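Structure record follows, encoded as structure tokens.
The values are calculated or read from the model by the stated rules, or taken from the named source; none is laboratory data. Worth saying up front: this structure is predicted, and the values here are computed from it rather than measured. All Cβ positions, even for glycine, are placed from backbone atoms using ideal geometry, and neighbour counts span all protein chains on display.
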Amino acid sequence: METQKKVLLLLTGKLANVDNLIATAVFLKKNYNYKIMPLYIRNIDIFIPPANLMVSALGGGVIGNNLEENDNERIKDLYKKLTLNNIIEPLIIEVGLTNKIVEEYMKQADLLLLNRNQNLSDDTFSILKESYKPILLINEQEFSFNNVLIASDDGPKVNKSVGAFYSLFNNVNNFKIISYTKDVDEHALMEYLSDKKKNVEIKNYENIDEFYENLNKASLLIMGNLTKSYFLEKIAKKGLSIIENTSVPIFIGL
């Protein structure tokens, strides 16, 4: 009997790094039998009523027209790239509040794939805060499972993320747990993964710069949900956060 496919919601928009998002989606489709649900959310500024649109001082044209032309070109380019990569599922095009649209389509998906920058956009932050399904954040770095790191305070948030990761990718066998000022002898995650016959290393860092330096060696970083995570509470007070200080793909299990 054929294994039921998991569904990947591939979110794109005006700021997305489309090439790496598609490459990651293709990897998951090929290696984990994911069905891809591509979703493009249009630039909402296009649909502001004409009376509220600004007029270009250079050409006398309406700026909204240029926005629509640019958006249409992005959609054409996206459709072409999806087709070239054998992603044959229909491209869904929506306009509206990004987090609300994503919330609705995630009802049909197992995993959300979206682009991320080091400085979170308002849309991305809203999605991270409100999502109820696991999220894979991709930037320009190539995604793989070659060097999976877990940023852990051994709290329930990161434990939940690791559990969600295991349910989606249970054939990944090698992990390294890294922690910042946490007693490694008390890490329950070590026992949790060892009981599942996984190879696990653990390392604690007292120096924050060394901690981030090693996070950036990951091919994939697993971390806890952003809402009340240890890292935002303890580190962001100093103007730092994991997302702002790393350039690697990140998995967050909700």
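Values as computed for the structure displayed
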quantity	calculated
Qualifying position, being among the aromatic types (Phe, Trp, Tyr) and outside the structural domain of residue 199 (by TED's automatic domain parsing), among 132, 166	132
Residues (of a type in the set (Lys, Arg), closer than 12 Å to residue 252 by Cα and in contact with a helix residue (DSSP H, G or I) (Cβ under 9 Å, 6 or more places away or on another chain)) located in region 152-176	157
Residues satisfying the stated conditions in region 192-212, i.e. loosely packed, with under 13 Cβ neighbours inside 10 Å and modelled with pLDDT under 90	206, 207, 209
Residue in region 73-88 that is of a type in the set (Val, Ile, Thr), at pLDDT 90 or above and loosely packed, with under 13 Cβ neighbours inside 10 Å present	yes
Number of the condition not met by residue 149 [criteria: (1) among the aliphatic types (A, V, I, L, M); (2) out of contact with any helix residue (DSSP H, G or I) (no Cβ under 9 Å at 6 or more places or on another chain); (3) buried (at least 19 other Cβ atoms within 10 Å of the Cβ)]	(2)
